[in-house]
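Please read the structure below before turning to the comments.
The values are calculated or read from the model by the stated rules, or taken from the named source; none is laboratory data. Here the structure is a predicted model, which is why all the values come from computation and not from measurement. Backbone-built Cβ (ideal geometry, glycine too); neighbour counts: all protein chains shown. Quick note on the areas: whole protein, heavy atoms, side chains included, nothing else; ligands and nucleic acids left out. Shrake-Rupley method; radii C 1.70, N 1.55, O 1.52, S 1.80 Å.
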Amino acid sequence: MLKSCSNIREFSPIHAHLITANLIHDPEITSQVLAFLLSVNNLDCAHQILSYSHEPESIIWNTLLENKLKEGCPQEVLVGYYHMVTQGVLLDISTFHFLIHACCMNFDVKLGSEVHGRILKCGFGRNKSLNNNLMGLYSKCGKLKEVCQLFEKMTHRDVISWNTMISCYVLKGMYREALDLFDEMLVSGVLPDEITMVSLVSTCAKLKDLEMGKRLHLYIVDNKLWIRGSLLNCLVDMYSKCGKMDEAHGLLSRCDESEVDVVLWTTLVSGYVKSNKIDKARQLFDKMNERSLVSWTTMMSGYVQGGYYFESLELFQQMRFENVIPDEVALVTVLSACVHLEDFDLGRSVHAFIVTYGMVVDGFLGNALLDLYAKCGKLDEALRTFEQLPCKSAASWNSMLDGFCRSGGVDKARDFFNKIPEKDIVSWNTMVNSYVKHDLVNESFEIFCKMQSSNVKPDKTTLISLLSSCAKVGALSHGIWVNVYIEKNEIGIDAMLGTALIDMYGKCGCVEMAYEIFTQIIEKNVSVWTAMMAANAMEGQALEAIDLYLEMEERGVKPDHVTFIALLAACSHGGLVDEGYKYFNKLRSFYNIIPTIHHYGCMVDLLGRVGHLEETVKFIERMPIEPDVSIWSSLMRACRSHHNVELAEHAFKQLIEKDPTNDGAHVLLSNIYADAGRWDDVSKVRTKLHETGVPKQPGFAIIEQNGVVHEFVASNLVSADVLCMLQDIERRLLVKQELSDTTSQHSERLAVAFGLINNQENSPIRVVNSVRMCRDCHSVMKLISQAYDREIVIRDNYRFHRFTDGHCSCKDYW
């Protein structure tokens, strides 16, 4: 009835009854009356009520403060404290306990400091329980200095004092200091309790300090502390995070089933997930009698992290079948799986679910939806979602930018990029990658320069993207510039960055520079070795590539399937048939790697190049996987080199069945007929190509000059300077040797003519050709190198050709 009163008029009859029934002397009743009078700000009446009680005023006020704490009203406790001070009520130890507790609930460190001062003024500064509570208050508010001062001044510390000091260190992330206190605590003669061990074991979990964790576990067992509840969960979590799942799981076998709750099961499932033991995690998950939303989300997230996207979505459907309502975290996990599988329909149904349940599309959830639409190529839906986001984070802008890069074209992406208010490293890297993807090396370096002038510092991802761009188009000077930038900024060359540098130098025809970088890398992983072997392979240095492979094996680095592609390609360039078979067989028999179409393609190319055409056909027929276009194209090229028209026709037929619009196959067959002098057949193939409407894709050549990449397309309009140089080349070559075709304007010839005009004398001319170099151009390049005394380096779509003094490094074997 007292609690229901709202004014004095309602209170008066109750007050009268309390007096007549002599209940007014009860301290609990008096406390309730006092609380009401304070609420209506009637202190005069409060003094009168307090005079009826036989109890001291401080006890009545303390009862009031205690009740308010129990009711969860810390602010009213502090109001009571204010009136106690103003009315001169004596404050005792209980009062201060209640006040410290109220300050803790409100995180009010300022008032807590005032209460601390009043404690000292009242002479309670040496009271151990008050000091422990004050330490707890300062610890909760993150005041480490004050906690340490109180702890150091305490002459007699009990287990609560030590626990508070340890927990404060843990809260501040000072894990080693927390563990050091354990030894000091034992030396002082204070025995840790379960609360101590929970803090220390959880600290070992954060540090992944298995040795200290085992020591604590041994102490717990030796001192017969009860391993249950929080302590059991902490031990399981510690072993899980240290990767010791057998020990973690073993703790459960020594417990009663009643002690193993859903939190503990979920901790174990999470541990198996993080240990990449997804099957074990699922077995445990299926055994759970009770599953929380966290359990479902942990298992689904584990599947996504392990790349098991279908399984994650199946589990989500099972969860919905059991009427478990997903939260934001679960939905973000599901949307991530949809993105990887490009399952737009399911992703959209998840969006519909979000709308149906009235969930706010913002934060991680909004960004996940945006990412789904952007990566599934639904640019309109992505843009609509982006515009509806109430708060657009950096991740939102970057996801939308990625969508434009994927579907909107590089120009639209750049327009959107310019609108981003605060560009972070991801924004810049996304834009750089977009230019790299479209082989726009000049633009990628232009955006990189703007990035440098901003406040965003390029990271290794940026540099790797730029090096990839240089490697694609053979932009050596750009690549060297990146290398110099790395050295000047003292950026450590790790395996990833080193691999990118080796790949760049290798694809720019500088195998010596590639090897120099290779030797600088201290910890070489399989990617580093493979990149160096690939660089040797492209230069036709088959024996050097094999030596690298043998050295890699000696050092205990296990090759992967890409390593064997580089190794077999080297054997192909060197015509090493026996070695090729040896390593192809070793691929499966020794390393248990299932050969892919690329490995088979290398072997077909190797056998075809050395003229073992019948053996090549038998090899193709024995392949356990169906030959693709590259296999038949390789056989056709071998047939041309070794003048086997009949087999070339067979290969052409197989190729066209797989790819009817392949213009390269028609052109290659036409050239084979021309080599054989079958001009009628040449005409038929050309006519058929024209009738089917298959456009011939023109080849192009790229050359870098003064930091700018120039592209030339066969038979395109060229400048007068280039035409004059072509005429000069024709005159010089006719003088040196009569050729059937010196006037052709194939793209690589245009690029070389441009290089002769603009490159400094004695500097190599470097060209990247998009297609395989034809025989006539190969012959012409040898003569140009001799006539102009220039080194010409041409990378076609298969290998490098280094022309010097009338000879080619491929020794006419390509």
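In the range 673-711, the residue that is farthest from the chain's Cα centre (by Cα) out of those that are modelled with pLDDT under 75 and either of a type in the set (A, V, I, L, M, F, W, C) or over 17 Å from Cys774 (Cα atoms) (or both) is Thr692. The residues in the range 434-464 that are part of a loop (DSSP other than H, G, I, E, B) and under 25 Å from His710 (Cβ atoms) can be counted, and the count is 3. Put simply, of Glu487, Glu512, Glu544, Glu523 the only residue that is open to solvent by 30 Å² or more (accessible area, probe 1.4 Å), assigned to a loop (DSSP other than H, G, I, E, B) and of a type in the set (D, E, K, R) is Glu523. If the condition is being among the hydroxyl-bearing types (Ser, Thr, Tyr) and either crowded, with 22+ Cβ neighbours inside 10 Å or assigned to a helix (DSSP H, G or I) (or both), then the range 778-814 contributes Ser779, Ser785. Restricting the search to the range 94-113, which residues are over 24 Å from Leu144 (Cα atoms) and surrounded by fewer than 19 Cβ atoms within 10 Å (Cβ to Cβ)? Listed by number, the list holds a single entry, Ser94. Of the residues making up the range 150-191, just one is more than 23 Å from Gly125 (Cβ to Cβ), among the charged types (D, E, K, R) and either in contact with a strand residue (DSSP E or B) (Cβ under 9 Å, 6 or more places away or on another chain) or not in a helix (DSSP H, G or I) (or both), namely Lys172.
Annotation: Ile703 fulfils all but one of (1) exposed (fewer than 14 other Cβ atoms within 10 Å of the Cβ); (2) closer than 30 Å to Asn758 by Cα; the unmet one is (1). Only one of the listed residues (Ser444, Ser465, Ser454) is hydroxyl-bearing (Ser, Thr, Tyr) and over 30 Å from Gly755 (Cβ atoms). That residue is Ser454.
Sort out which residues of the range 724-745 are open to solvent by 70 Å² or more (accessible area, probe 1.4 Å) and modelled with pLDDT of 80 or more, and write them in order of number. The answer is Cys724, Gln727, Arg731, Arg732. Determine if the range 577-586 includes at least one residue that is part of a loop (DSSP other than H, G, I, E, B) and surrounded by 16 or more Cβ atoms within 10 Å (Cβ to Cβ). Scanning the range 577-586 turns up no residue that is part of a loop (DSSP other than H, G, I, E, B) and surrounded by 16 or more Cβ atoms within 10 Å (Cβ to Cβ). A single member of Glu791, Glu761 is at pLDDT below 85 and more than 16 Å from Leu726 (Cα to Cα), and it is Glu761. Could you say whether any residue in the range 257-277 is modelled with pLDDT under 90 and within 24 Å of Leu191 (Cβ to Cβ)? Among the residues of the range 257-277, at least one is modelled with pLDDT under 90 and within 24 Å of Leu191 (Cβ to Cβ), which makes the answer yes. Scanning the range 526-541 for residues that are of a type in the set (A, V, I, L, M, F, W, C), out of contact with any Ser or Thr (no Cβ under 8 Å at 6 or more places or on another chain) and open to solvent by 10 Å² or more (accessible area, probe 1.4 Å) yields Ala534, Met538. Within the range 613-631, the set of residues being surrounded by fewer than 11 Cβ atoms within 10 Å (Cβ to Cβ) and either in a loop (DSSP other than H, G, I, E, B) or polar (S, T, N, Q) (or both) comprises Pro624, Glu626. Each residue in the range 558-575 was checked for being in a helix (DSSP H, G or I) and either surrounded by 22 or more Cβ atoms within 10 Å (Cβ to Cβ) or not β-branched (Val, Ile, Thr) (or both), and 12 pass. In the range 68-149, counting only helices (runs of 4 or more DSSP H) that sit wholly within it, the ones holding 3 or more residues that are farther than 28 Å from Phe36 by Cβ and without any contact (Cβ under 8 Å) to a residue 60 or more places away in the chain span 109-121, 128-140.
Applying the criterion of being surrounded by 17 or more Cβ atoms within 10 Å (Cβ to Cβ) and farther than 18 Å from Thr164 by Cβ to the residues of the range 195-206, the residue that is nearest to the chain's Cα centre (by Cα) is Ala205. A residue that is closer than 30 Å to Gly117 by Cα, open to solvent by 20 Å² or more (accessible area, probe 1.4 Å) and touching a residue at least 24 places away in the same chain (Cβ under 8 Å) occurs somewhere in the range 176-194.
Picking from residues in the range 1-14 that are without any contact (Cβ under 8 Å) to a residue 24 or more places away in the chain and in a helix (DSSP H, G or I), the one that is nearest to Gln32 (Cα to Cα) is Ile14. Scanning the range 212-245 for residues that are under 29 Å from the mean Cα position of the chain (by Cα) and assigned to a helix (DSSP H, G or I) yields Cys234, Val236, Asp237, Met238, Tyr239, Ser240, Lys241, Met245.
One residue stands out among those in the range 323-368 that are β-branched (Val, Ile, Thr) and not in a helix (DSSP H, G or I): the one that is most open to solvent (accessible area, probe 1.4 Å), which is Val360. Determine, yes or no, whether Ser468 is modelled with pLDDT under 95, in a helix (DSSP H, G or I) and buried (at least 23 other Cβ atoms within 10 Å of the Cβ). Judged against the criteria, Ser468 is not a match. Yes or no: Met533 of a type outside the set (Val, Ile, Thr), assigned to a helix (DSSP H, G or I), in contact with a Phe, Trp or Tyr (Cβ under 7 Å, 6 or more places away or on another chain) and more than 26 Å from Phe803 (Cα to Cα)? The answer is no for Met533. Cβ-Cβ contacts under 6 Å between residues 6 or more apart (or on different chains), taken from a first residue in the range 401-425 that is open to solvent by 30 Å² or more (accessible area, probe 1.4 Å) to a second residue that is outside any helix (DSSP H, G or I), are listed as Ser407/Gly377; Ile425/Val456; Ile425/Asp459.
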